1. Go through segment 274-293 and report how many residues are under 24 Å from residue 233 (Cβ atoms) and surrounded by 13 or more Cβ atoms within 10 Å (Cβ to Cβ).
2. Only one of 59, 69 is assigned by TED's automatic domain parsing to the domain that holds residue 114, within 30 Å of residue 126 (Cα to Cα), at pLDDT below 80 and assigned to a helix (DSSP H, G or I). Can you tell me which?
3. Just name the residue that is surrounded by the most Cβ atoms within 10 Å (Cβ to Cβ) out of those in segment 168-177 that are under 20 Å from residue 200 (Cα atoms) and in contact (Cβ under 8 Å) with a residue 24 or more places away in the chain.
4. Could you check how many residues of segment 101-118 are at positive phi and either of a type in the set (A, V, I, L, M) or surrounded by 22 or more Cβ atoms within 10 Å (Cβ to Cβ) (or both)?
5. Taking the criterion of being of a type outside the set (Val, Ile, Thr), under 18 Å from the mean Cα position of the chain (by Cα) and surrounded by 15 or more Cβ atoms within 10 Å (Cβ to Cβ), would at least one residue in segment 183-202 satisfy it?
6. Residue under question is residue 210, and the condition is that it be assigned to a strand (DSSP E or B) and closer than 30 Å to residue 155 by Cβ; does it hold?
7. Which residue, of 224, 237, is within 24 Å of residue 185 (Cα to Cα), surrounded by fewer than 18 Cβ atoms within 10 Å (Cβ to Cβ) and out of contact with any Pro (no Cβ under 7 Å at 6 or more places or on another chain)?
8. May I ask you to list pairs of residues, at least six apart or on different chains, whose Cβ atoms are under 8 Å apart, with the first in segment 212-231 being more than 17 Å from residue 269 (Cβ to Cβ) and the second being among the β-branched types (Val, Ile, Thr) and modelled with pLDDT of 90 or more?
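The values are calculated or read from the model by the stated rules, or taken from the named source; none is laboratory data. Quick caveat, the model's predicted, so the values are computed rather than measured. Note: ideal-geometry Cβ built from the backbone for every residue, glycine included; neighbour counts use all protein chains shown.
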Amino acid sequence: MARRKTKEFTEAELDEMLIAAGHALPVKAVPVEVVSEDSKILTTAEKKKLKQLEKTVEKAFYLAGLALKELRDLRLYRDTHRSFNDYCRERFGHTRQKSNYLIAGAEIYQNLTTNCCLVLPSTESQVRPLAPLEPELQCQAWNTAVSKANGSVPPARLVREAARKILYQNEFNPHYVGEVCQVISADEPQLRGRKGCWAIVTEVHEFSCDLQLWNGLVELIKPEYLKSFEYDEVECERMQDLCDRIKKLRERDELEESVYAFLSVLGKLKRPELTLLEEKLLAVLEAEYGILG
């Protein structure tokens with residue numbers, strides 16, 4: 001006898017059977033589009049508020065610089081502090097150099113606005129490279145950097161490049177104080193054994209630079225022996241901090257050979273930061289030789 005085929009129930013028949021047996025029907029997931037209550041399109045009032053707040057941020061360092069200049073010039077700190085340097089450090093938590101940067105930045109900002117620059121800086125570090133230039137050349141360099149940034153506020157790197165091009169257009173030396181370079185040639189006697197090391201520019205002369213390397217100072221080095229790492233301001237400061245830490249260790253008497261070998265490795269870093277392991281090892285050495293952070 002032929003075997004009867006099993007009946008195939010439809011989905012509707014299965015639902016009826018479940019209901020008859022007292023079972024609830026399974027809930028099916030239905031895709032639902034969630035619409036945010038806040039529209040991505042700004043209202044006219046919101047756009048106006050956006051512009052106001054952006055201008056406030058842009059003017060923050062400018063207003064701070066103006067205030068510091070007045071505090072310094074009128075010596076309004078004299079009732080509580082002996083010097084402007086002490087006042088800045090204790091009241092605002094930064095050095096007098098930082099205050100001077102803000103004061104100079106405010107003057108440059110004012111110069112840019114007076115000369116109707118359409119795009120204005122938002123931080124002091126963006127205009128710091130303009131300080132060595134005459135007022136009219138500051139505007140020229142700034143506008144060049146803005147153009148390279150496609151009409152946006154340029155980073156300090158582009159401003160520095162534009163300022164250096166103007167500053168050294170009739171000179172041979174393209175480097176600047178605080179720049180981190182790599183020694184690419186050891187033909188100069190002072191650089192023997194130092195090829196590949198990083199160096200911080202401490203003085204700039206017409207045709208040469210003075211350098212601070214991890215293992216000492218060298219003077220009057222020609223630019224062709226150097227290649228810039230193109231580090232930004234923060235990265236240069238990190239390298240200066242590393243240089244200072246290495247220098248303190250080298251000042252200790254009778255460093256073990258292994259310690260000196262480790263420092264020589266750090267002296268050839270091609271990046272502006274330490275790895276976690278390198279930082280731990282350096283901290284251990286500082287603690288071993290009694291160097292406080």
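1. Going through segment 274-293, the residues under 24 Å from residue 233 (Cβ atoms) turn out to be 274-276, 278-279, 282, 293.
This time we only want the ones that are surrounded by 13 or more Cβ atoms within 10 Å (Cβ to Cβ), so: 274, 278, 282.
Adding up the residues that qualify gives 3.
2. Values: 69 fails: at pLDDT below 80.
One residue alone meets the criteria, 59.
3. If we filter segment 168-177 for residues that are under 20 Å from residue 200 (Cα atoms), which is where we start, we get 168, 172-177.
Cutting the leftovers down to in contact (Cβ under 8 Å) with a residue 24 or more places away in the chain gives us 172-177.
On the way: 172: 12, 173: 17, 174: 16, 175: 20, 176: 18, 177: 12.
Within segment 168-177, the match that is surrounded by the most Cβ atoms within 10 Å (Cβ to Cβ) is 175.
4. Of all residues in segment 101-118, those at positive phi come to 116.
Right, trim to either of a type in the set (A, V, I, L, M) or surrounded by 22 or more Cβ atoms within 10 Å (Cβ to Cβ) (or both) and you get none.
Of the residues in that region, 0 qualify.
5. Just the residues of segment 183-202 that are of a type outside the set (Val, Ile, Thr), to begin with: 185-199.
Those left that are additionally under 18 Å from the mean Cα position of the chain (by Cα): none.
No; the residues of segment 183-202 include none that is of a type outside the set (Val, Ile, Thr), under 18 Å from the mean Cα position of the chain (by Cα) and surrounded by 15 or more Cβ atoms within 10 Å (Cβ to Cβ).
6. Values: assigned to a strand (DSSP E or B): yes; closer than 30 Å to residue 155 by Cβ: yes.
Considered against the rule, which asks whether it is assigned to a strand (DSSP E or B) and closer than 30 Å to residue 155 by Cβ, residue 210 comes out as yes.
7. Numbers: 237 fails: within 24 Å of residue 185 (Cα to Cα).
224 is the lone residue from the list that is within 24 Å of residue 185 (Cα to Cα), surrounded by fewer than 18 Cβ atoms within 10 Å (Cβ to Cβ) and out of contact with any Pro (no Cβ under 7 Å at 6 or more places or on another chain).
8. 217/202; 225/183; 225/184
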